[in-house]
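Everything below concerns the one structure shown next.
The values are calculated or read from the model by the stated rules, or taken from the named source; none is laboratory data. In this text the structure is predicted, and so the values were computed from the model without any measurement. When we count neighbours, we look across all protein chains shown, and the Cβ atoms used for this are built from the backbone with ideal geometry, even at glycine. Please note that ligands, DNA and RNA were not included when accessible areas were found on the heavy atoms of the full protein model with its side chains. Shrake-Rupley method; radii C 1.70, N 1.55, O 1.52, S 1.80 Å.
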Amino acid sequence: MEIYTPTTFPIECLVCGRNLGNIAYTIKDWNKAIEGYGMAIEAVEQSRSWVNTDKRRQEVLGTAIDVYAKMVQIRINTAQCDHALEYVERSKTRNLVELLVNKNLYPKRDLYHKQENYQKICNQIDQFRQEIPAKQRQLEIILGIPDSEARNDAYQRLQNELYQLHKQRDKILEDINKVDPNFKFTQKVETIPFRDIQSLIDERSAIIEWYIIDDKIFTFIITRHNPQPEVIQSSAEDLNSLLKRVSAYLRLYFRKDNKKWWRNQLESRLQNLAEILHMDEIISHIPPECDRLILIPHRFLHLLPLHALPLGNKQDNGYRKQNCLLDKFPRGVRYAPSCQLLQLSQNLQRPNFSQLFAIQNPTGDLSYANLEVEAIGSFFAESQVLIKQDATKAALNNNNNFKSAHCCHFSCHGDFNLVSPLESALIFTDNERLTLAEIFALSLNQCRLITLSACETGITDPTNITDEYINLPSGFLYAGTPSVVSSLWTVNDLSTALLMIKFYQNIHTGVSVAVSLNQAQQWLRDVTKIQLEDWIIKHQLKLDFTLRMQLRRLSYQKPDGFQPFQSPFYWAAFCAIGN
């Protein structure tokens with residue numbers, strides 16, 4: 001390991017460090033295991049700067065998957081739960097960094113006043129992307145040469161040159177960070193210490209962060225009331241039950257022949273999920289004065305509406321009323337991909353909220369998009385809407401109102417690409433695609449909220465065994481908006497239109513994005529037939545014949561107290577992500 005260091009031979013160092021860690025782990029020599037795994041993790045995070053072939057990437061991925069998990073377990077075994085959480089965060093950052101580096105992203109052009117300075121920075125980045133892998137390859141070749149004084153001198157010279165290149169690259173990243181603070185997240189794994197994680201919340205807030213490894217589920221509970229995160233470790237049986245239930249949920253959902261069956265079972269499956277995750281026990285560790293909750297899922301948990309997990313049921317005027325997470329936390333239940341992205345979103349100050357930019361039904365097949373966008377526009381002092389055939393990708397990219405808008409509302413289709421996540425996209429006119437890779441490169445420096453009012457815009461890869469959250473919301477968070485609202489399944493057009501109108505109505509009373517969405521979801525869940533009719537009249541919604549008929553069918557021969565949208569299918573799909 002004196003030769004195979006993280007800087008000079010990351011993959012070889014990764015293998016050596018992991019082997020040392022595994023041996024020490026087996027004999028419970030925790031300090032030596034921490035040393036080995038720590039070296040391996042440094043190597044993983046260094047390797048992304050020069051690994052430039054698919055084969056090499058697979059070597060890194062295959063070797064690195066368990067290193068973070070073992071380090072987390074060791075830190076918990078030695079009562080260092082704060083450090084365990086820090087490694088969870090590093091694990092959740094590394095894959096996205098590697099993915100973005102391989103896309104050759106650059107800082108945002110419009111943040112540089114002088115284009116010659118911007119071009120100089122881009123040229124320097126290109127130089128490092130070429131020279132660092134080249135030096136690494138030269139080192140590998142020299143190691144294959146028989147030992148000699150000349151060979152050793154050449155090896156030492158190249159090693160020093162590689163070190164200097166890394167040092168110069170880091171200095172360039174520091175300079176870029178002064179202009180484009182978000183760019184560093186696309187180039188380098190950043191460590192967020194526990195004290196900074198704890199500073200993200202106030203005395204009345206809590207974070208629940210999950211981390212799933214091969215044989216158990218870790219649940220971290222972070223509040224300001226405890227100097228360390230509390231950790232609940234599930235049994236292997238719980239994990240097996242969770243895997244089976246989630247697999248059945250997804251298998252049923254992705255069946256094209258009978259989505260209604262999945263929808264009818266949704267409520268009972270959420271009840272079962274809450275029991276497997278021991279939500280009542282988790283909540284019991286949160287001080288009663290905490291009335292705001294931030295959820296940070298892991299892997300396939302990102303696909304589930306955790307805010308809708310039931311905590312028991314009660315009767316209300318003879319009708320069943322679900323008591324779930326969002327009922328318990330009146331200051332809002334929201335999501336974050338990681339604590340680091342939560343920190344990024346909370347550091348973005350966006351006080352203005354008077355300008356709306358919207359994409360409205362570009363494919364022409366969304367039944368209630370017109371009603372939705374027209375009603376939402378009434379809440380803003382200024383608005384620009386690209387409607388149907390005018391909603392082209394070129395019109396979006398060349399539109400200054402889009403770049404300066406305080407709120408961007410996309411009422412369109414979305415598509416998640418399982419094979420190549422960065423090719424996931426929002427669909428515009430003539431099947432044009434605004435891809436996730438392009439979203440990462442946007443500059444949304446005035447935008448406070450992105451709403452993706454479409455099907456499956458919050459979907460991630462359910463088969464992904466790595467730790468990263470890579471989807472459309474993560475792209476918009478990196479692009480500069482602190483808040484994104486997206487959906488977890490194919491939503492109902494009618495209930496979505498009503499939910500979105502109520503959501504924006506709530507925002508314009510001055511409450512936060514998460515509270516506005518939660519309150520809109522509670523309203524839609526609990527609203528009765530007669531209350532809905534009165535609300536539509538009060539807000540003078542322009543209902544066409546089709547919409548009126550659909551509302552009548554939902555409530556046909558039902559009493560005035562009937563709740564047409566009580567099922568979680570209608571209200572639970574949308575999540576507030578970020579600040």
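Estimated translational diffusion coefficient (Stokes-Einstein, Kirkwood radius over Cα pairs, 37 °C, 0.692 mPa s) of the chain: 129 µm² per second. How high is the FRET efficiency between ASP175 and THR509 when r is their beta carbon distance and R₀ equals 35 Å, given to the nearest 0.05? That pair, ASP175 with THR509, gives E of 0.25. Within the accessible surface of the chain, defined with a 1.4 Å probe on protein heavy atoms only, the carbon and sulfur portion equals 47 percent. The overall shape of segment 250-382 is oblate: from the C-alpha gyration tensor, with semi-axes ordered a ≥ b ≥ c, the ratio a/c is 1.5 or greater and a/b is no larger than b/c.
For the pair ILE232 and LYS114, the difference between a 0.36 nm per residue extended length and the Cα-Cα distance amounts to 37.3 nm. One equal scatterer on each Cα of segment 320-404, no solvent, Debye formula: the resulting log10 I(q)/I(0) at q = 0.17, 0.18 Å⁻¹ is -0.98, -1.01. Ordered by 1.4 Å accessible area with all protein chains kept, VAL511, VAL333 run largest first as VAL511, VAL333. Pairs with C-alpha atoms separated by more than 31 Å, drawn from the list LYS70/LYS108; LYS32/LYS216; LYS244/LYS388; LYS328/LYS393; LYS256/LYS388; LYS260/LYS558, are LYS70/LYS108; LYS244/LYS388; LYS328/LYS393. Computed from Cα atoms, the angle from the helix 10-26 axis to the main principal axis of the chain rounds to 80 degrees. Considered as an equivalent ellipsoid built on the Cα gyration tensor, segment 104-201 has semi-axes of 34, 20, 10 Å, the largest given first. Cα convex hull, segment 405-530: 127 Å³ per residue, rounded to a whole number. Approximating the spin labels as points 7 Å out from Cα along Cα→Cβ, the ARG548-to-SER268 distance works out to 3.9 nm.
Dipole magnitude for the chain: about 1120 debye, using +1 per Lys or Arg Cβ and -1 per Asp or Glu Cβ, origin at the Cα centre. In this simple spin-label approximation, GLU131 and ASP215 carry label points 7 Å from Cα along the Cα→Cβ vector, and these lie 4.8 nm apart. Structure note, pairs LYS92/LYS502; LYS403/LYS529; LYS178/LYS403: Cα-Cα distances above 32 angstrom occur for LYS92/LYS502; LYS403/LYS529. Angle of helix 529-538 to the longest C-alpha principal axis of the chain, folded into 0 to 90 degrees and rounded to 10: 90°.
Binning the C-alpha pair distances of segment 479-545 at 5 Å intervals from 0 yields a P(r) profile of 3, 14, 24, 27, 17, 10, 3, 2, 0 %, listed from the shortest bin outward. Projected label points at GLN540 and VAL419, each 7 Å from Cα along the beta carbon direction, are separated by 5.2 nanometres.
Compute the signed sum of charges (Lys and Arg +1, Asp and Glu -1) over the other residues within less than 15 Å, Cβ to Cβ, of CYS455. Local charge sum for CYS455: -2.
Other residues with beta-carbon under 10 Å from the beta-carbon of CYS339 carry, at +1 per Lys or Arg and -1 per Asp or Glu, a net charge of -3.
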